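Engineer: Could you have a look at this structure, given as structure tokens, before my questions?
Read-outs: derived from the displayed coordinates by stated rules, not from any lab. All values derive from a computational prediction rather than experimental measurement. Here the Cβ positions follow ideal geometry from the backbone for every residue, glycine too, while neighbour counts run over all protein chains shown.
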Amino acid sequence: MPNDHILPTGTHLKNGEYKILAKLGQGGFGITYRAEQTVLGRTVAVKEFYLDGRCVRSADGISIQLQSLSEGDFESYKSRFYEEAKLLARFGDLPGIVNVIDFFRENNTVYYVMDFVQGPTLHQYLLGQPQERMAPAEAAELVRKVAVSLAPVHTHNVLHRDLKPANIILRPNGEPVVLDFGAARAFISDSTLANSVIVTAGYAPPEQYNPSGKFGPTIDIYALGAVLYRLLTGKTPPPSPGRIAEDMPSPHQLNPSVPPSLSVVVMKAMAQKAAERFGTAEELAKELEALAKDAGFFASSHQSGQLFKNEMNASSNEVTVDQYDIDRNSEPLATDNVPQDILWVNAILVTAFLIVVSSIIAIVLLFTVSAS
């Protein structure tokens, strides 16, 4: 059966406190379910630690047993997953990080429970925009907010490692929330770890392709720069290994409306060498904030940001997309609205043209009558 590794619908966890309703998504490190918190009668998201290809369900269809993985390694991975869940729960007051409300061990694995947040992912939102991109002011402010939220997480030695538009949800008010820390792995600063390769082409720096690479906050900095690149240009950046042989065009080159100063920030965040990037998420956030204050193109950021929020509120009243449903694609929703001033200009030009044509016809008729 293709779904024999998924917990059956109706499965109860933690002595009946949570009831599994449906699968929402799956990655290499875990499976996410929609569930009911039975005591409060509310919907939550439950993430189960499940190493794809290394685990199978037992005969009961619920507990986990190992496959091609030692018990010692599995216990180490579970402990790390559990400790990260505990750590992420401490950041529940951050508006840009999904709130972890519970975590526990059961069925020979680990679970953590999150608020069930609804809304389109940033990827889904972009699919509905003209040229699949955002205005520079909006894009820079959105990435700045994500960087601000990630900064305290980094200081506690946790990386996301898979930042991309599909892992950022937009609340109805347009505020971004970072999702899927299932790929997050605790790290020791400036040390070499035997990490599994977790990459999304275009958003992962070169060192992330190396299982024994030195990982630090700069891998998330690169991904943030790549997200901003995507927002500004409507294009996914080229995979970082390929950039070694081929130079990558800047956002300003692909979209002239992007100020060169913002392009410089993006290209620095996406530098091939980790030492040449911004050192911390806080440093990147401050650079974007300073740019917002100094650059003239950000003068309309309040207005554009309000339009962005209005659009998000309007779309939330029409349809809500579950952010964990990674197999669901949004259809483009935006329409090309012609500004009223352009319509008036066109009307005036057409009227003038008709007057000129009428005058010419009258003159021709006058000469014809005179000649006869």
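Engineer: Show which lysines lie in cross-link reach of Lys145 when reach means a straight Cα distance below 24 angstrom and same-chain residues fewer than eight apart are skipped.
Structural biologist: Filter leaves Lys86, Lys164, Lys235, Lys268, Lys286, Lys293, Lys309.
Engineer: In which sequence would Asp73, Asp162, Asp102, Asp93 go, from the one with the fewest C-beta neighbours within 10 Å to the one with the most?
Structural biologist: Numbers: Asp73 12, Asp162 25, Asp102 17, Asp93 7.
Going from least to most buried by this count: Asp93, Asp73, Asp102, Asp162.
Engineer: Using r as the Cβ-Cβ distance of Lys14 and Glu71, and R0 as 22 Å, what FRET efficiency do you calculate, to the nearest 0.05? All intermediate terms of the calculation are to be shown ahead of the outcome.
Structural biologist: Details: r = 24 Å, r/R0 = 1.08.
It comes to 0.40.
Engineer: For Val148, Val266, Val227, Val117, which order do you get if you count the other beta carbons within 10 Å of each Cβ and list the fewest first?
Structural biologist: Val117, Val148, Val266, Val227
Engineer: If amide H atoms are built 1.01 Å from N in the plane of the peptide, which residues on other chains or at least 5 residues away come under 5 Å of the amide H of Ile97?
Structural biologist: Here the answer is Val178, since their amide H atoms fall under 5 Å of that of Ile97.
Engineer: Also: With unit charges on the beta carbon (Lys/Arg positive, Asp/Glu negative), name the residue among Tyr222, Ser250, Gly279 whose Cα is farthest towards the positive pole of the charge dipole of the range 218-296.
Structural biologist: Ser250
Engineer: Could I ask something else about it? When a footprinting reagent is the concern and you count Cβ atoms within 10 Å, what order do Val110, Val44, Val146 take, fewest first?
Structural biologist: By the 10 Å Cβ count, ascending, the order reads Val44, Val110, Val146.
Engineer: I need the phi-derived Karplus couplings for the range 137-148: 6.51 cos²θ - 1.76 cosθ + 1.60, θ = phi - 60°, integer Hz, Gly and Pro marked x.
Structural biologist: Karplus values, whole Hz, x for Gly and Pro: 4, 5, 4, 5, 5, 5, 5, 4, 5, 5, 4, 4.
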